[in-house]
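**Student:** Sending over a structure as structure tokens; questions will come in a sec.
Values quoted throughout were computed directly from the atomic coordinates according to the rules given, and no laboratory measurement underlies them. Since the model is a prediction, treat every value here as computed from it, not as a measurement. Glycine gets a Cβ as well: all are built from the backbone with ideal geometry, and neighbour counts include every protein chain shown.
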Amino acid sequence: MKDQTKSYVPWIIVSLLFTVTALSFLDRQVLSMSILKIKEDIVISDSDYSWITNGFILGYALMFTLGGVFIDKFGTKLGLALSLGIWTVASGLHSIATTVGAFMIFRFILGIGEGACFPGVIKTVMEWVPIQKRSLATGIAIGGSAIGAVVAPLLCLYMLDTVGWRKLFLVSPMISLIWIGFWLYFNNKKNSTHKVVQEVDLNTQTVKKYSFSEVLKSKNAWVFISMRMLFDPIFYFLMFWIPKFMSESRGIPIDLIGKLFWIPFLVLGLSNILGGYLSDKVFTKTSSLNVARKSLMAIGALLTLSVLFVQHVDSAYAVIALISVFFFAHGLWITNYSTAVGDVFGSKATSTMFGLTGTFGALSAFGVNRGIGYVVSHYSYDPLWIWAGLMYPIAFVIFMVFMPKIKKSETFA
């Protein structure tokens, strides 16, 4: 009975990872849904808003790699608890902001806190879940981010008119404190029957030493980094700018946006899980990581072309439908991209490597985000849809050419 109980613990851990990624995207999305109400109290231009969102991206970029290195050195138990603690404080601070500068600072701190989240999530899956179920577990874990984004519009729609935008920023911190308690209790070596966890001290999680320069010298590292620099800015764009696009470019009421904007994120969450499930099925039948990961990513890359047609539709429902197809594609893509990073870099350096990809992706988004503000202010959103529709297919071509086969690196085994 004891062993049977233990066998469920990895999936409790996965459910906690699902929850923490949900909290991370809830905290990110609250601003994009609240900005129109915030602008009624504080003067914020399109340029100001791009700087505010860049505050998050900059903090996120800085801490993604540092957080990944920290978690590889000190472990997911401490790393994720500290990460959530920092961004919980930052989220609460938004409720007292009165200037553009204050929002920029608090978004920066939020980014610092969230930077270690996904490197820690991917590493935790590597530690607790065997390879046959790893892609599914990854899909569930990162799928929480989509559910957080689903909850955000509905929560905002209700609370903005009842308690105001300031109190809205206090909701997530209360949930986060409860999560930290459960995390510290369950993330314990004695609860695991999985070999990787049994061989590691979860309080310090000391593993074989590796040199950071070894990671940077890996050709595969730069393949993953290059890909992420192409596709990450697109997802930031969709996450931060779609409500403004629908309201200001298509004249869609904020209430209708709130009622519809959760749909693409629900599709994303389901796609994360489906992408992991199908990838594991393909791996079981073919015993090929290369076929399992790349087949799903190829489908995802093709489906992202749907966003090219957003510029030609005016209906709120048509916009949401096209964005939903894109998010479905992204779910297939990001689940298998993330799992592939773990496949190649193993438990030794996955968190550091995933952190590096996140840092470079966020830095790319930082630069692109300023350009988005300029394009929107001086032209329109139309060129952005063409850009967004082409980057995933280009990233996939890079993947196929420069990493013909996905396999574990001997250096980081």
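**Student:** Hydropathy at least -1.0 by Kyte-Doolittle, axial extent at least 18 angstrom from the Cα trace: which helices of the chain, defined as entire DSSP H runs, fit?
**Tutor:** The qualifying helices are 2-41, 46-74, 76-93, 100-114, 134-162, 171-186, 219-244, 262-286, 289-303, 316-378, 382-402.
**Student:** A follow-up question, please. Would you mind putting 81-93, 32-44 in packing order, based on average other-beta-carbon counts within 10 Å, highest first?
**Tutor:** The packing order, highest mean first, is 81-93, 32-44.
**Student:** Then there's this: Excluding ALA395 itself, calculate the net charge of residues whose Cβ lies under 14 Å from the Cβ of ALA395, where each Lys or Arg counts +1 and each Asp or Glu counts -1.
**Tutor:** Value of the local net charge: +2.
**Student:** Can you give the extra length, in nm with one decimal, that the chain gains between MET174 and SER315 once fully stretched, where that is 0.36 nm per residue apart less the Cα-Cα distance?
**Tutor:** Net length gain for the segment: 47.0 nm.
**Student:** Checking a compactness column here: for the stretch 204-333, what do you get for Rg(Cα) / (2.2 N^0.38 Å), N being the number of residues?
**Tutor:** 1.32
**Student:** Please give the FRET efficiency for LYS217 paired with MET400, using the beta carbon to beta carbon distance and R0 = 22 Å, rounded to the nearest 0.05.
**Tutor:** Rounded to the nearest 0.05, the efficiency is 0.45.
**Student:** Quick one: net charge around SER91, please, counting Lys, Arg +1 and Asp, Glu -1 for every other residue with C-beta under 15 Å from its C-beta.
**Tutor:** +2
**Student:** Once you have the Cα-Cα distance between THR286 and SER247, take 0.36 nm times their residue separation minus that, and quote the gain in nm to one decimal.
**Tutor:** 9.3 nm
**Student:** For ILE406, list long-range residues whose amide hydrogen, built 1.01 Å from N in the peptide plane, is under 5 Å from its own amide hydrogen.
**Tutor:** ASN290
**Student:** A further question on this structure: Would you mind checking the radius of gyration and Dmax of the stretch 1-151 based on alpha-carbon positions, in Å?
**Tutor:** In Å, with Rg to one decimal and Dmax whole: 17.2, 61.
**Student:** Next question, about the same structure. Peptides 11-21, 60-70, 154-164: what's the order by average Cβ count within 10 Å, highest mean first?
**Tutor:** 60-70, 11-21, 154-164
**Student:** On to the next question. Rounded to the nearest 0.05, what FRET efficiency do LEU184 and GLU40 have when you use their Cβ-Cβ distance and R0 = 41 Å?
**Tutor:** E(calc), rounded to 0.05, equals 0.50.
**Student:** From Cα coordinates alone, what are the radius of gyration and Dmax values for the stretch 260-381 in angstrom?
**Tutor:** Cα-based Rg and Dmax for the stretch 260-381 come out at 16.8, 52 Å.
**Student:** Roughly how many Å is it from the Cα centre of the stretch 72-137 to that of the stretch 326-370, as a whole number?
**Tutor:** The two parts, judged by their Cα centres, are 15 Å apart.
**Student:** Okay, next question. Evaluate the Kirkwood expression for the hydrodynamic radius of the stretch 303-347, namely the inverse of the mean inverse distance over all pairs of different C-alpha atoms, and round to one decimal in Å.
**Tutor:** 11.9 Å
**Student:** So, one more: Along its principal axes, what span do the Cα atoms of the stretch 40-119 show, with the longest given first and each in whole Å?
**Tutor:** 44, 21, 14
**Student:** Output the peptides 166-174, 139-147, 355-363 sorted from most to least packed, where packing is the average of other Cβ atoms within 10 Å over each peptide's residues.
**Tutor:** Ranking, from highest mean packing down: 139-147, 355-363, 166-174.
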